[in-house]
Amino acid sequence: MLARIAWFEIRYQIRQPLFWIAFVLYFFFTFMAITTDAVQIGGSIGSVNRNAPYVIMQILLVMTVLGTFLTTAFVSTSVHRDYETRADAIFFSLPLRKSDYLFGRFLGALVVALLVYMGVVAGVIVGSRMPWLEAERVGPFLATPYVYGTLAFVIPNLLIFGALFFAIATLTRSLMYTYSGVVVLFMGWGISRLLLQDLDDRWYAALIDPFGGAAFRLVSRYWTVAEKNTGLSPFTGELLASRLAWLALGGLALGLTWARFAFSAEGAGRERRATATDDVPAPARPAAPATAIQATQAAAAPATQVFGTATSWRQFLRLVRMEATGAVRGVPFIIMLMFGLLNFVISIGLLERIYGTPVHPVTYLIIEAIDGTFGLFAFLILVFYAGDMIWRDRNLRLSEMVDALPVPTWVFWASKLAALVVLLVVMLGATMVVGIGVQASRGFVHPDILLYLKGLFLVQGIPYLFLAALCVFLQVVLNQKFTGWIAATVIYLASELSPLVRLEHHLYRFGSAPESPYSDMNQYGHFVQPLLWFYLYWGCVSVILVGVAHLLWIRGTEPGRAMRLRIARGRLTAPATAFMALALGGALATGGYVFYNTNILNHYLPTKTRLDRMAEFEKKYRQYENLEHPRITDVQADVDIRPAERSVDVRGHYTLRNKTDKPIPVLHLYLSPEMTVRRLEIPGARLEMEDKDYGYRIYRFDQPMAPGATLLVSFDLTRSYHGFVNNGAPTDLVYNGTFFTNLDYFPHIGYSKQLELDDPNERRRRGLPPVQRLPKLDDATARMSNYLTSEADWVHYDTTVSTSSDQIALAPGYLQREWTENGRRYFHYSMDAPILDYFAYLSARWVVKRDSWNGVAIEVYYHPGHTYNVDRMIDATKKSLDYFTKNFGPYQYRQVRILEFPRYASFAESFPNTIPFSESIGFIARLDDKPDSIDYVFYVTAHEVAHQWWSHQVMGGNVQGCTLLSETMAQYSALMVMEKEYGRDTMRRFLRYELDRYLSGRGTERIEELPLMLVENQQYIHYRKGSLAMYALRDYVGEEPLNRALAAYVAAVKFQEPPYTYTREFLDYVKQAVPADRQSILDDLFRNITLYDNRAKVASWTKRDDGKYVVSLQVTAAKFRADGQGKETAETLDDWIDIGVFGDQELKGSSQGKLLSLEKHHIDHADETFTVVVGEEPRKAGIDPLNKLIDRNPENNVTNVTAGAAPATTTVVKTSG
Amino acid sequence: MTPELSIEGVSKTYPGGVRALDGVTLRIPAGMFGLLGPNGAGKSTLMRTIATLQEPDSGRITFGDIDVLKQKDAVRRALGYLPQEFGVYPKVSALEMLDHFAVLKGIVDARRRKETVEAILQRTNLWDVRKRRLGGFSGGMRQRFGIAQALLGNPTLIIVDEPTAGLDPAERLRFNNLLSEIGENVVVILSTHIVEDVSDLCSRMAIIAGGRVLQSGDPARTIDALRGRVWKKIIARDQLAAVQAEHTVISTRLVGGRTSIHVVAPGRPDASFEEVPPGLEDVYFSTLHDAGPQDAGGRAA
């Protein structure tokens, strides 16, 4: 019987259009994802094969997430259908067993849903055979990933969600509750995404994510490209746990359904019960006697009806109140609002964490969190209620009565639109109240109410008005509630996704406007103007939509299409026509003005077109890459910044010198096309070619420039921003917080490799050869330039910079003079020694805090109010200067300046004695409440100060490994200062983050991973692996010997002229600090990609007579070498690895116990057992317990020590203690 | 002086091809007007058209000097409309809902509105249940609520579409009493397929079927016109076909297991027939019968 009911269900649902629509959609979507980059499922796949097992598993997983609504539809309709068609009474009277009916239906619906996923499978298989795919990106067909994905994700997810929604649908008989269930699950998914960012919460993340996505991410997080192309994730650990836990929950739901389901027409349905009891006849009353009737009739007489505009408004207000209160009190609204708020509150807990350290809950972050977490709910509420309000009277069969009332037609739609606005205001008000509450609960008691009003109600709120208008329009025009809902969703998705196909203009992406990030320094700044115009434009469009809705509004019986148009014509009265014309005119005028700004005053370039241009530039001018040019030796510039006008003038001159031994006949110049050239003088040369589109010029000398000759190039340039752009408004020149460098604002000598496209796939698509990130290590010619620029070596630098009277303007160098002239402030800065040809200009309204260390002036220029960590920065600067001067050599300057710049970018960057530091990374970090949180403000400051040595003294040549000499060494230097300040336990936690980021970074590699020594500007290597390698090296060699070697190296190569130093030379110095028998660690750390898989297996202790504890520890160790694609080969073990034992926790809340013993042991076998004697009762023990080595499963290096007899020894026994 | 409702040549064909109204012409003066016809006759279409809820393809309707098809707002101000089927907000009380309707009817003065609503509640005998949720109302209470909202604001054109369908006899009686109280000075159109409602309440009537007006006038006069031409006979059930072939059978009804038929003929067809005094029902069925192959099946109260 069960099978027959299931079969009936399958046959029924397969004949429904929903099944076929879903199937085709799934097929098509997957097909597109496989064959194009325009559609991505679960994020970009980079260089991984298009049909890699990882990709297949990921697609199947993500499609089950997207398919939740589908599963819900199939499963809930399987029961709901009977209630809706009132067939329940028939079914329930049949001789069926409850379980047959329930589970038969359930099973049938599940099979149908499963069939839909075959569309995904077909999409991958067919897609990966398409002839236009790059052959190198298609792997062989493998059946296992499909089977695996189906078994691990598709079927469990169908079962889980099917069971949950089946339970809700069956027990509540309410579609609303069922869909609310879906929303709850999505919250679980969203929260797990946030938790994943924090290392310690990952297990929770895996369990909370109902789809198993977080678990899959965890098990596959460190996969390299090679592994993604071949591997299947092991079905263990987080993945297994998550699947089992959720399946159990699903099973529970099914059981509950079965137990609670009443197999009768008077089932558990709430609405049903309500009417059943209330539907008793009114108490029969005798007809009122005739006299009474006369009396009441007389009383009824004087009802005064008044008509006119005032009455219409009264009616409007009454309807708004009715609609809004009805909705606000309704269960769907309350549920969605609660979910939205909950989602928002949870996200705040994880706000902008860096290394697990939170930030102060400042108002703009709260507002951004609302945007990111509450937006979806606001969207759902508006779309849902627009349909609900417009259809309620018709669904309740009240419309005939209401439509015949003497109410103007506009009152009907306007009241519903206004009620939607009321809902919106209630929602935003609620988020604001909750936001302020959250701020207060974290001790942040200065909520910026005005900013809430601006950011929440205007910037975020106004687009929802457009959405409301669109929904009303769609519901009226399409005249079908579901279609209206779907159409609104599709329109929003389309405007969200259209950039993928180069359609980026906000003029046709409904209700959208350019991003408008907020910064405390610059506030909404120059983003206000485009926002205003786009909002005006969409406002006019919305008015048109509402106007059309008015014309087509159905009043009374639904007319046919022709009749609707006839009625609409009838409603197009003179005022209505004038109104529409006005709106249309407004839309055209504002749209035209926007277009004028974005496309005529500025270039409108979709992202991909921009890439095309980069490719074009490279194709045209790369031929000049190796041309010899004179180098800049002196830079003098007068820079006038006009913040209010967002414009800047750059006047100055370069002194060039021919440092080669040959005459130079031509001079190539590159200037950003954004700059307007007023004057550009190259004495003795004529302009041979000028490409204004790309800013490339070629000058030919009348007499070739002789070796050793010098030349004075002078220039007068200006840049100003006119109007506004569609996207990516420049943030370098702003009202408060200008920050630009010579890269974009000064002329450049020769072809600039920095302008090349670096994504290998984008290059291939545009017919460019594979990118060469850096010349080979031993390319001696390349080392004749430093890696920063080939235009100069060390330059003399002198600049005068001016700004408006209320701001301070800064550039590297020492302030020589400051004066005011014509209402502007001037600052003359000069350097007394040559610097690298890289300098920055900043201007803002700052507060300055000054301090000093051994005669070095320390200054922090910060935004008023951002005082939280200023002292910490000064402290870090002092301690860094102290450590670096002691260990690496003297500091070359007499000042260190830290300058806050707006959060449009989040980095800090070291210029000579000047360090711009983003508002978002440190100025609002919250470091006071947890003693062991990682102080990244300290870390970033120390890192940047270290660059004064490792960049501004030691500069690598432009070959592989060059960033080791700057970034890796700055990391190492910062780590040492930090360790002094915060101790080894904090360092251990810091390095866990570094390890995690290194290992996950490997999976996103687009070309090939390289050993540290050969790093090609790969951040996950030079920062993350660099930290680990240098820390491990310090551990083997000792801090002092290592620093001695480094100091010698600095002394040898600092301020060096070409050829520049490189990592071979660096390692030659380091080598001297490494004992002869341990030289192989340099191979492991620098010359190869080395990975370990160390594990503690069992540990136990026995107490000795002398009161000491003997710990016996069984471990396994393994070592691998990986190639650039991540393919591993086993390596013979011949390593010195830590064996450690931990006791009780030292500090409450500290993650690890007190270290009782830690000693390096020589390990040359995979399985070994160690015996360690310690003085206190041991708790944990392990191999490489502090995670100094690169190990993909760092968690299993340590195990609990149990009391009892020592385990049987295996291969080798080594004793120490 | 109450205006007269005049309907001239109103036709309506639905997109599906169904001709709902076919040149309907009627003059409806003040007083209760019964619109009688079988299901699907076009009654509701006509009612909705008068109530501004639907557009005819052609024709003209005036109410006094109001052009009903063009001056919809003016019609709505004078209108009280009780549709054939209607719902309510289930969670709202009768009092609140009537107050709401009163605002929408233009009674904006709060004190006046309160008086009016309370009076209407009294008049429709809903006073005691005014605070109950409408969702809990019985069918009869709901119909009375419906007429209560229709009567708000003293309308001069009242349209009630099949108000008694589905009511039990006691509720129907009560409802009809209510209708009969409505003043003589307003136009009241009562559409129904229950002949008795018309004969009980209406001073004028029209019979409509297939979208056409088959007959209209004073019920008493139309009955008189049939006097002496209606004959009744009790027959066995299997004889029906034979009798139908021979005579103009306008109605059949079962009486104690046997079939009683009414036949229209200028004189007594034969001795087995006995003359009966005609009722409105006979007028109705004979009119439908004359009109052609309509479903004139013996439907009667």
(message) Give me the net charge for the shell around A:A876: Cβ to Cβ below 12 angstrom, other residues only, Lys and Arg +1, Asp and Glu -1.
(response) -3
(request) Would you calculate a helix-derived [θ] at 222 nm for chain A, using -39,500 (n - 2.57) for each DSSP H run of n ≥ 4 and dividing by the full residue count, to the nearest 500? (result) -14500 deg cm²/dmol
(request) Of all alpha-carbon pairs in segment A:414-511, indicate the percentage at a distance above 23 angstrom. (result) 43 percent
(request) Be a star and scan segment A:527-560 for residues whose amide nitrogen sits under 19 Å from the point 7 Å along the Cα-to-Cβ vector of A:E674. (result) A:527-531
(message) Principal axis extents for segment A:1059-1140, Cα atoms only, whole Å, descending order, please.
(response) 66, 32, 17
(message) Averaging over every viewing direction, what projected area does the convex hull of the Cα atoms of segment A:668-774 cover, in nm²?
(response) 10.1 nm²
(message) What is the angle, in °, between the Cα long axis of helix B:280-291 and the longest principal axis of the Cα atoms in chain B? Nearest 10 is fine, range 0 to 90.
(response) 70 degrees
(message) Restricting the calculation to Cα positions, tell me the Rg (one decimal) and the Dmax (whole number) of segment A:830-908 in Å.
(response) 13.8, 37
(message) Taking R0 as 30 Å, what FRET efficiency do you get between A:K1103 and A:W1136 from their Cβ-Cβ distance, rounded to the nearest 0.05?
(response) 0.50
(request) Taking every pair of alpha-carbon atoms in segment A:656-700, give the share separated by more than 13 Å as a whole percent. (result) 60 percent
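Just round it to a whole percent: the fraction of Cα-Cα distances in segment B:72-215 exceeding 18 Å. Don't skip to the answer; put the middle values down first.
Details: 5868 of 10296 pairs.
I get 57 percent for the Cα pairs in segment B:72-215 exceeding 18 Å.
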(message) Compute the angle between helix A:936-947 and the longest alpha-carbon principal axis of chain A, please, reported from 0 to 90 degrees and rounded to the nearest 10.
(response) 40 degrees
(message) Modelling each spin label as a point 7 Å along the Cα-to-Cβ direction, I'd like the B:D270/B:R221 distance in nm, to one decimal.
(response) 3.8 nm
(request) Kindly give Rg over Rh for segment B:206-274, based on alpha-carbon atoms, with the Kirkwood expression for the hydrodynamic radius. (result) 1.04
(message) Which of A:K1025, A:K98, A:K659, B:K43 has the fewest other C-beta atoms within 10 Å, and how do the rest follow up to the most?
(response) A:K98, A:K659, B:K43, A:K1025
(message) Sort A:D1184, A:D649 by Cβ crowding within 10 Å, fewest neighbours at the top.
(response) A:D649, A:D1184
(request) Sum up the charges of everything whose Cβ sits under 12 Å from the Cβ of A:V422, counting Lys and Arg as +1 and Asp and Glu as -1, but leave A:V422 out. (result) +1
(request) Would you order A:E1008, B:E55 from fewest to most other beta-carbon atoms within 10 Å of each residue's own beta-carbon? (result) A:E1008, B:E55
(message) For Cα pairs less than 8 Å apart in space and 6+ apart in sequence, what is the mean separation divided by the residue count of chain A, i.e. the relative contact order in percent?
(response) 7 percent
(message) From Cα pairs below 8 angstrom and at least 6 apart in sequence, can you work out the relative contact order of segment A:814-922, rounded to a whole percent?
(response) 19 percent
(request) Would you compute, for the Cα atoms of the protein assembly as shown, the largest minus smallest coordinate along each principal axis and list the three values in descending order, in whole Å? (result) 139, 88, 62
(request) Let me know the shape class of segment A:197-249, please: from the alpha-carbon gyration tensor, a ≥ b ≥ c as square roots of the eigenvalues, rounded when a/c is under 1.5, otherwise prolate if a/b is greater than b/c, or oblate. (result) oblate
(request) Using Cα centres only, tell me the gap between segment B:101-164 and segment A:1163-1205 in whole Å. (result) 84 Å
(request) For segment A:319-409, just the Cα atoms, rotate onto the principal axes and tell me the three extents in Å, largest first. (result) 65, 22, 17
(request) Can you figure out the FRET efficiency of A:V426 with B:A110, using R₀ = 41 Å and their beta-carbon distance, to the nearest 0.05? (result) 0.95
(message) Sorted from largest to smallest, which semi-axis lengths in Å does the alpha carbon gyration tensor of segment A:528-670 give for its equivalent ellipsoid, taking the root of 5 times each eigenvalue?
(response) 61, 20, 9
(message) Whole percent per 10 Å bin, from 0 to the bin with the longest distance: what is P(r) over all C-alpha pairs of segment B:168-293?
(response) 11, 37, 32, 16, 4, 0
(request) Can you check what the Kirkwood hydrodynamic radius comes to for chain B, Cα pairs only, in Å to one decimal? (result) 20.7 Å
(request) Using every pair of alpha-carbon atoms in segment A:692-736, split the distances into 5 Å bins beginning at 0 and state the percent of pairs per bin, rounded to integers. (result) 5, 10, 15, 17, 14, 11, 9, 8, 8, 3
(message) Could you tell me what a quarter of the Cα convex hull surface of segment A:350-399 works out to, in nm² with one decimal place?
(response) 4.7 nm²
(request) Calculate the mean, over all residues of peptide B:116-126, of how many other protein chain Cβ atoms lie within 10 angstrom of the residue's Cβ. (result) 5
(request) Specify the angular offset, from 0 to 90 degrees and rounded to the nearest 10, of the alpha carbon long axis of helix A:1026-1037 from the longest principal axis of the alpha carbons in chain A. (result) 50 degrees
(message) Cβ neighbours within 10 Å, averaged per peptide: list A:13-21, A:574-582, A:862-870, B:108-116 in order, most packed at the top.
(response) A:862-870, B:108-116, A:13-21, A:574-582
(request) Could you estimate the translational diffusion coefficient of segment A:120-168 from the Stokes-Einstein equation, with Rh from the Kirkwood formula over C-alpha pairs, at 37 °C and 0.692 mPa s, in whole µm²/s? (result) 254 µm²/s
(request) Between B:D168 and A:M118, take the C-beta separation as r, use R0 = 60 Å, and let me know the FRET efficiency to the nearest 0.05. (result) 0.60
(request) Rank-order A:787-796, A:949-958 by packing density, defined as the average count of other C-beta atoms within 10 Å over each peptide's residues, highest first. (result) A:949-958, A:787-796
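Taking a threshold of 30 Å on the Cα-Cα distance, which of the pairs A:K659/A:K879; A:K1025/A:K1103; A:K481/A:K608; A:K659/A:K878; A:K1127/A:K1188 fall above it?
A:K659/A:K879; A:K1025/A:K1103; A:K481/A:K608; A:K659/A:K878
Since every read-out is calculated from the coordinates, none of them should be taken as a lab result. Everything numeric in this text was worked out from a predicted model, so none of it was measured. For neighbour counting, all protein chains shown are included, and Cβ atoms are generated from backbone atoms with ideal geometry for every residue, glycine included.
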